[in-house]
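**Student:** The structure is given below, and queries will be raised subsequently.
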Amino acid sequence: MRRSSIVPRITASYQQYQQRAWYSDFGHLSARKQSFIPSSGTYPHGFRASGVACGIKKNNNKDVALVVSEKPCSAAAVFTTNAFKAAPVLVSQATLKHNNNKDIYGVVTNSGCANAVTGQQGITNAKRMQAIMDELTGHASSALTMSTGVIGQQLNMDKLEPGIRKAYEALSADHDQGWLQAATAYMTTDTFPKLMSGEFTLDRTSFRMAGIAKGAGMIHPNMATLLGFIVTDAYVAPALLQDTLKYAVDRSFNAISIDGDMSTNDTICALANGASDVRIESPHDPAYPLFRDSLTSFAAELAQLVVRDGEGATKFVTIHVKGGSSFESAKQAASHISTSKLVKTALYGQDANWGRICASLGHSGVEVDPSKVSVTFVPTDDSKPLPLMIRGEPEVVDEARAAEILKMEDLVIEVDLGLGQSDAKFWTCDLSHEYVTINADYRS
């Protein structure tokens, strides 16, 4: 089959505000946040999803989510490198190794309790989650496990076990009854569900992707960030899917930061069930880089939703570092700037204190020649950019114009190192009073 470019038709892109519905459950949100909730979707063939409440959360909100495939899947995942890996992370890692990254039928997730730092009982409970899925699907080692919520508390299995069974009975391929319910069940301090889906064309053959993520705080990358998954009805060979996901995560979920803290539970996984006619079995296949780049773009949009819902965030900020000697150095610089508390608080205060950007860059650990560095505010309304420093020389900044730009919800800060051709982007947010309030009161 001749293969040409992959052209995405993403039906749930966060850019398509006019296609969003206002759901009664989220009627208290601003119109801007409501615009991120999809009113419909184009979902991968052979997958169903559900989300139900079983009483783990104190407010009786949905807290169990399933995504299940009718066919066995190639599977891949990247996990937190935190020393205190949660029980579901350890169980999922062992499952992928045991299955050689194949023959996975689904993902079972609970919210409201992280099942982290819970000792041997936590492992037993995570394995029990998987065993229930094995019973329901009729296949051994059939599911990956995820948990999110408060650390240091044991799962209430008397509630969770019937909750998983209830969720299995509720599985649906429908947007409203299935996928949106699953995305809602992932939420903890999130204010809206993060769900995307899309159809892609490879020559005249189409395949689909869907993704769900959660996360609003304790977000900073190191191999993976937060909880999320992407499923596709393309077939991708197991080892190749792992390489593809790692590439995509490095440029998406590993390129976001809210507060510089990394969770014990961070997991991003991918399942490919081959229910479409698209098959990618070799890195030498001309379709492979096209699929990889489409997965990366899709993951980046999903990851950006997490930043847009950062705890207490009022701004969505893209740190774009250009002119790096390598992708790795450009990304390291962007990451360091994005986590600077001084930069983030200045953004919240709408203070054009670009000296903080330079100061953060200067101790980022990457090669810097101050005489070659340029810093620019790039507004997202297509109006004229505002240079702050050009090749090491400060500009006479129009403070009124800078304040005007900083009032916008979206902002791009462009930093040109002047050392090469590589670039990287990092997505972050500001740091507000509300962030402190949320995290000072998290367990109550």
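**Student:** Has the stretch 262-273 got at least one residue that is aliphatic (A, V, I, L, M), modelled with pLDDT of 95 or more and farther than 30 Å from residue 34 by Cβ?
**Tutor:** yes
**Student:** To continue, here is another question. So residue 97 passes all but one of these: (1) basic (Lys, Arg); (2) closer than 23 Å to residue 210 by Cβ; (3) modelled with pLDDT of 90 or more. Which condition number does it fail?
**Tutor:** (2)
**Student:** Another question, if that's okay. Taking strands (runs of 3 or more DSSP E) that fall entirely within the stretch 324-425, which contain at least 2 residues that are in contact with a Pro (Cβ under 6 Å, 6 or more places away or on another chain)?
**Tutor:** The qualifying strands (runs of 3 or more DSSP E) are 374-379.
**Student:** Identify the residue in the stretch 122-161 that is of a type in the set (Ser, Thr, Tyr) and modelled with pLDDT under 95 and, among all such residues, is nearest to residue 188 (Cα to Cα).
**Tutor:** 148
**Student:** Continuing with this model, one more query. Take the residues in the stretch 308-333 that are among the hydroxyl-bearing types (Ser, Thr, Tyr) and modelled with pLDDT of 85 or more; name whichever of them is nearest to the chain's Cα centre (by Cα).
**Tutor:** Only one residue tops the list, namely 318.
**Student:** Among the residues of the stretch 123-155, which ones are in contact (Cβ under 8 Å) with a residue 60 or more places away in the chain and polar (S, T, N, Q)?
**Tutor:** Matches in the stretch 123-155: 137, 147, 148.
**Student:** Sort out which residues of the stretch 353-385 are surrounded by 14 or more Cβ atoms within 10 Å (Cβ to Cβ), free of Cβ contacts under 8 Å to residues at least 24 places away in the same chain and among the polar types (S, T, N, Q), and write them in order of number.
**Tutor:** Answer for the stretch 353-385, where residues must be surrounded by 14 or more Cβ atoms within 10 Å (Cβ to Cβ), free of Cβ contacts under 8 Å to residues at least 24 places away in the same chain and among the polar types (S, T, N, Q): just 353.
For (1) in a loop (DSSP other than H, G, I, E, B); (2) under 28 Å from residue 102 (Cβ atoms); (3) at pLDDT 95 or above, each residue gets a yes or a no:
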position: 1; (1), (2), (3): yes, yes, no
position: 8; (1), (2), (3): no, yes, no
position: 13; (1), (2), (3): yes, no, no
position: 41; (1), (2), (3): yes, yes, yes
position: 57; (1), (2), (3): yes, no, no
position: 68; (1), (2), (3): no, yes, yes
position: 72; (1), (2), (3): no, yes, yes
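**Student:** Would you confirm, using the coordinates I've provided, whether residue 297 is under 16 Å from residue 412 (Cα atoms), of a type in the set (Ser, Thr, Tyr) and either in the same structural domain as residue 244 (by TED's automatic domain parsing) or touching a helix residue (DSSP H, G or I) at 6+ places or on another chain (Cβ under 9 Å) (or both)?
**Tutor:** No, not satisfied.
**Student:** Of the residues that sit in the stretch 43-55 and are in a strand (DSSP E or B) and of a type outside the set (D, E, K, R), which one is surrounded by the most Cβ atoms within 10 Å (Cβ to Cβ)? Can you show your working first?
**Tutor:** Going residue by residue through the stretch 43-55, those that are in a strand (DSSP E or B) are 47-52.
Within this subset, residues satisfying the condition of being of a type outside the set (D, E, K, R) are 47, 49-52.
Values: 47: 25, 49: 30, 50: 23, 51: 28, 52: 22.
Out of the qualifying residues, it is 49.
**Student:** Still on this structure, I have one more. How many residues does the stretch 22-36 hold that are in a loop (DSSP other than H, G, I, E, B) and modelled with pLDDT of 70 or more?
**Tutor:** In the first step, residues of the stretch 22-36 are kept if they are in a loop (DSSP other than H, G, I, E, B); the result is 22-23, 27-30, 35-36.
Subset that is modelled with pLDDT of 70 or more: 27-30, 35-36.
Residues meeting the conditions: 6.
The values are calculated or read from the model by the stated rules, or taken from the named source; none is laboratory data. Source: prediction; values computed, not measured. Positions of Cβ are backbone-derived with ideal geometry, glycine not excepted, and every protein chain shown enters the neighbour counts.
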